[in-house]
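Asks: My questions will all concern the structure given below.
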Amino acid sequence: MIDKELFKLLGNNKKYIFFVVFLMILGLLFNIGITASICGGIYILYQNLELINFLYVALGLLISIVGRLIITISTGKIKDKLGRDVKKEIRDKAYKKILSLGTRSQGDIKIAGLSQICIEGVEQLDLYYSTYLPQFFYSMLAPIILFIVNVFISWQVSLVLLCCVPLIPISIIAVSKYAKKVFAKYRGKYISMGDSFLDCIQGLKELKIYKADGIYSQKMHDKSEEFRKITMKVLIMQLASTTIMDLVAFCGAGVGIGLTIYLVVNTHLNPILGLFLILIAVEFFLPLRALGSAFHVAMNGVSAGKKLSELLGIDDVKWGKEQVDSTKITIKDVSYKYSDSNSLTLKHINMEFEPGKFTGIVGPSGCGKSTIVSLITGENIVTNGEILIGNKPIFTYSRNSYYSKIVLVSSSTYIFNDTIRNNFLIANEDVSDDEIIEAIKKVNLEKILTGNGLENVINEDSTNISGGERQRLALAINLIRPKEIYIFDEATSNIDVESEAIIMENILEISKKHSVILISHRLENVKNADKIYYLEFGEILESGTHQELMKLNGEYSKLYLTQKELENGYKFTDEEGKYAN
Ligand code: ADP
């Protein structure tokens, strides 16, 4: 009933749990004091004792009530602090984890899932820690304390009440297996609904263009309907188990009360002590009854916590401390398989990227080019083979030192929804306006400075600039901090011819002084490379210079000629815009 991993996440806040439990027990003792004072008052009336005795009883009652009040207020405050501190600590851990993963992907946890886990998931854990856990420990101790107090009045009643108490946790355990399943499903449906919602919003434009918004609206409706159904299931289960717990609690108290009356009538049990037993009987069951109610809230937290533990459990990439002293990259007999894939994506890859050389990696879509980049940048970790920088494995070096040497421009390089200047400052905080403008000029992008110059804001998802301009801007941003290894992963895909030409001009210029690794599906772009690797199905089929590969007359040359033919085929030849075939 306690999740070990979630308990570990408490860290230094464990002490608050025990403090809350201690206060709850004090509160229970004050409750007993209130009941005892009431019984004492009745006893004084019943026995016609001197009125001065009322004063003692009233004083006892007052102390118990005030004590109880103070305990209630302080317990609430400590629970609140516990909840806040745990949430802060967990969010901090999640944030640090995401940072430590760096460029590594977060496995199956998608962006929407990630934000749900870190925002709402952590919020649900609040109740698990601040309500469920203290209640759990308290409800184990409270019946024992009550038994110890009552056993001196009547061992029979105390024993019967104590024996009935475990029926509540038994009923909780009985539903817990089912509840766990339902809650896991509930959370899964919730996250999947969030993912689909984000997906639909992000792709709304495409859905409108394809006139597929109706279909996706129906899909969203279906997902929402599934979520509604599972929510109803959760509510039914909660209601049913609360009813069962109530039944157990009231029946148990009823048995205790019945036995007390029997003992008062048939034995020498004092009626006032009997009254005390009757009034206190329900206290035996209340803590576990409250635990039962908190259990359902906790289950929600637990399933959210599982996702969080999954995130926190992703292995850290252990970068070393050494400074990078060579920019030669070697891929040595690397085979790689994605965890969710059945087959190898890369098979026995051997590549060398010499300092100052221009290397091209080409091949049909899906042959593993970007996977190679992800291994070189440390985004994914090689399990078979080695990635060497100089003569040492990549993770021998400090991440900062390695990243200060490399730059990656891909077709999905992110441009922030900020001013042009700030986008450059992210890449290099010391860059001057003149340097920014110079970089913008290099990629022929002066147009985006019209109006407020560097203060112009790039919209979210770069919607106020064209795809080509976006890629040119991404390149310019990456040009302002001199690096030694430039990796371009399809940096010119899906953009206009003019932008592609400008970007390629810049890449060729860079390749004169620095190492360049260029990944492109268009073979024309790697024609000038010092070495080209041609891949198919995760294997290097051919390697050499363009001339050497063309002479080979193999797959590279076939693809090159096919692409050339296609490109020539689509050239306009006359003013009417007819294609030459
Ligand atoms: P390329 O860049 O040559 O187009 P990729 O390296 O992106 O190819 O992908 C190579 C293969 O690996 C593809 O079949 C792709 O489906 C698969 N793949 C890519 N990324 C992942 C991933 N994160 N999980 C599982 N499979 C992946």
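Asks: Return the residues of the range 202-221 that are open to solvent by 40 Å² or more (accessible area, probe 1.4 Å) and either within 28 Å of residue 125 (Cα to Cα) or touching a Cys at 6+ places or on another chain (Cβ under 6 Å) (or both); say none if nothing qualifies. Walk me through it before giving the result.
Replies: Residues of the range 202-221 that are open to solvent by 40 Å² or more (accessible area, probe 1.4 Å), as a first pass: 202, 204-206, 208-211, 213-219, 221.
The one that is open to solvent by 40 Å² or more (accessible area, probe 1.4 Å) and either within 28 Å of residue 125 (Cα to Cα) or touching a Cys at 6+ places or on another chain (Cβ under 6 Å) (or both): 216.
Asks: What number of residues within the range 312-342 are within 15 Å of the ligand (Cβ to nearest atom) and open to solvent by 60 Å² or more (accessible area, probe 1.4 Å)? Give the derivation first.
Replies: Initial filter on the range 312-342 (within 15 Å of the ligand (Cβ to nearest atom)): 314, 331, 334-342.
Subset that is open to solvent by 60 Å² or more (accessible area, probe 1.4 Å): 337-340, 342.
Summing the residues that are within 15 Å of the ligand (Cβ to nearest atom) and open to solvent by 60 Å² or more (accessible area, probe 1.4 Å) in the range 312-342 gives 5.
Asks: In addition: Kindly establish whether residue 299 is of a type in the set (A, V, I, L, M) and touching a helix residue (DSSP H, G or I) at 6+ places or on another chain (Cβ under 7 Å). Lay out the reasoning, then the answer.
Replies: Details: of a type in the set (A, V, I, L, M): yes; touching a helix residue (DSSP H, G or I) at 6+ places or on another chain (Cβ under 7 Å): yes.
Criteria met by residue 299.
Asks: Still on this structure, please answer the following. Exactly one of these conditions fails for residue 373: (1) surrounded by fewer than 15 Cβ atoms within 10 Å (Cβ to Cβ); (2) within 16 Å of the ligand (Cβ to nearest atom). Give me its number.
Replies: (1)
Asks: Okay, next question. Which one of these is in contact with a Phe, Trp or Tyr (Cβ under 9 Å, 6 or more places away or on another chain) and either open to solvent by less than 20 Å² (accessible area, probe 1.4 Å) or assigned to a helix (DSSP H, G or I) (or both): 491, 474?
Replies: Numbers: 491 fails: in contact with a Phe, Trp or Tyr (Cβ under 9 Å, 6 or more places away or on another chain).
Testing whether each residue is in contact with a Phe, Trp or Tyr (Cβ under 9 Å, 6 or more places away or on another chain) and either open to solvent by less than 20 Å² (accessible area, probe 1.4 Å) or assigned to a helix (DSSP H, G or I) (or both) leaves just 474.
Asks: Anything in the range 28-56 that is open to solvent by 30 Å² or more (accessible area, probe 1.4 Å), free of Cβ contacts under 8 Å to residues at least 24 places away in the same chain and of a type outside the set (Phe, Trp, Tyr)? List them, or say none. I'd like the intermediate steps shown before the answer.
Replies: The initial filter retains those residues of the range 28-56 that are open to solvent by 30 Å² or more (accessible area, probe 1.4 Å), namely 29-31, 34, 36, 38, 42-43, 45-56.
Checking which are free of Cβ contacts under 8 Å to residues at least 24 places away in the same chain leaves us with 45, 47-56.
If the condition is that a residue be open to solvent by 30 Å² or more (accessible area, probe 1.4 Å), free of Cβ contacts under 8 Å to residues at least 24 places away in the same chain and of a type outside the set (Phe, Trp, Tyr), then 45, 47, 48, 49, 50, 51, 52, 53, 55 are the ones that fit.
Asks: Let me ask you something else. Does residue 507 meet the test of being in contact with a strand residue (DSSP E or B) (Cβ under 8 Å, 6 or more places away or on another chain) and either part of a helix (DSSP H, G or I) or open to solvent by 10 Å² or more (accessible area, probe 1.4 Å) (or both)?
Replies: On the way: in contact with a strand residue (DSSP E or B) (Cβ under 8 Å, 6 or more places away or on another chain): yes; either part of a helix (DSSP H, G or I) or open to solvent by 10 Å² or more (accessible area, probe 1.4 Å) (or both): yes.
Criteria met by residue 507.
Asks: What is the number of the single condition among (1) touching a residue at least 40 places away in the same chain (Cβ under 8 Å); (2) under 30 Å from residue 125 (Cα atoms) that residue 91 does not meet?
Replies: Against the list (1) touching a residue at least 40 places away in the same chain (Cβ under 8 Å); (2) under 30 Å from residue 125 (Cα atoms), residue 91 comes up short only on (1).
Asks: Quick check: anything in the range 58-76 out of contact with any Pro (no Cβ under 7 Å at 6 or more places or on another chain) and either in contact (Cβ under 8 Å) with a residue 60 or more places away in the chain or not in a helix (DSSP H, G or I) (or both)?
Replies: Pass one, the range 58-76, residues out of contact with any Pro (no Cβ under 7 Å at 6 or more places or on another chain): 58-76.
With either in contact (Cβ under 8 Å) with a residue 60 or more places away in the chain or not in a helix (DSSP H, G or I) (or both) added as a condition, the list becomes none.
Among the residues of the range 58-76, not one is out of contact with any Pro (no Cβ under 7 Å at 6 or more places or on another chain) and either in contact (Cβ under 8 Å) with a residue 60 or more places away in the chain or not in a helix (DSSP H, G or I) (or both), which makes the answer no.
Asks: Using the structure shown, decide if residue 456 is surrounded by 14 or more Cβ atoms within 10 Å (Cβ to Cβ), more than 31 Å from the chain's Cα centre (by Cα) and modelled with pLDDT of 85 or more.
Replies: Values: surrounded by 14 or more Cβ atoms within 10 Å (Cβ to Cβ): yes; more than 31 Å from the chain's Cα centre (by Cα): yes; modelled with pLDDT of 85 or more: yes.
In short, yes.
Asks: Still on this structure, I have one more. Across the range 181-228, what is the number of residues that are of a type in the set (Ser, Thr, Tyr) and free of Cβ contacts under 8 Å to residues at least 24 places away in the same chain? Can you show your working first?
Replies: So in the range 181-228, the residues of a type in the set (Ser, Thr, Tyr) come out as 186, 190, 192, 196, 210, 216-217, 224.
With the extra rule that they be free of Cβ contacts under 8 Å to residues at least 24 places away in the same chain, the set shrinks to 210, 216-217.
Residues meeting the conditions: 3.
Asks: Somewhere in the range 400-418, is a residue under 25 Å from residue 511 (Cβ atoms), within 16 Å of the ligand (Cβ to nearest atom), modelled with pLDDT of 90 or more and open to solvent by less than 60 Å² (accessible area, probe 1.4 Å)?
Replies: no
Asks: A further question on this structure: Among the residues of the range 475-516, write down those that are within 16 Å of the ligand (Cβ to nearest atom) and among the hydroxyl-bearing types (Ser, Thr, Tyr).
Replies: Step one: of the range 475-516, the residues within 16 Å of the ligand (Cβ to nearest atom) are 487-494.
Residues satisfying the conditions are 492, 493.
To keep it simple, each residue is scored yes or no on (1) over 30 Å from residue 295 (Cβ atoms); (2) part of a helix (DSSP H, G or I).
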position: 198; (1), (2): yes, yes
position: 218; (1), (2): yes, yes
position: 231; (1), (2): no, yes
position: 257; (1), (2): no, yes
position: 265; (1), (2): yes, yes
position: 269; (1), (2): yes, no
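Matching residues to (1) open to solvent by less than 60 Å² (accessible area, probe 1.4 Å); (2) in contact with a Gly (Cβ under 9 Å, 6 or more places away or on another chain); (3) more than 15 Å from the ligand (Cβ to nearest atom):
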site: 519; (1), (2), (3): yes, yes, no
site: 524; (1), (2), (3): yes, no, yes
site: 546; (1), (2), (3): yes, yes, yes
site: 555; (1), (2), (3): no, yes, no
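Asks: Can you tell me which residues in the range 343-367 are surrounded by fewer than 23 Cβ atoms within 10 Å (Cβ to Cβ) and near the ligand (Cβ under 10 Å from one of its atoms)?
Replies: Hits for the range 343-367 are 343, 344, 345, 364, 365, 366, 367.
Asks: When the range 222-242 is examined, which residues are found to be open to solvent by less than 80 Å² (accessible area, probe 1.4 Å) and β-branched (Val, Ile, Thr)? Walk me through how you get there before you give the answer.
Replies: In the first step, residues of the range 222-242 are kept if they are open to solvent by less than 80 Å² (accessible area, probe 1.4 Å); the result is 222-225, 227, 230-231, 234, 237-238, 240-242.
Hits for the range 222-242 are 230, 231, 234, 242.
Asks: Which condition number in (1) within 30 Å of residue 259 (Cβ to Cβ); (2) modelled with pLDDT of 85 or more is the one that residue 170 fails?
Replies: Unmet condition: (2).
Asks: Could you grab the pairs with beta carbons closer than 7 Å, sequence gap of 6+ or different chains, first residue in the range 246-265 and free of Cβ contacts under 8 Å to residues at least 40 places away in the same chain and over 14 Å from residue 276 (Cβ atoms), second one open to solvent by less than 40 Å² (accessible area, probe 1.4 Å) and of a type in the set (S, T, N, Q)?
Replies: Matching pairs, first to second residue: none at all.
The values are calculated or read from the model by the stated rules, or taken from the named source; none is laboratory data. Every value quoted in this text rests on a predicted model; they were computed, and no experiment measured them. Counting neighbours? That spans all protein chains shown, and the Cβs are built from the backbone with ideal geometry, glycine included. Surface areas here come from the heavy atoms of the whole protein model, side chains and all, with no ligands, DNA or RNA. Shrake-Rupley method; radii C 1.70, N 1.55, O 1.52, S 1.80 Å.
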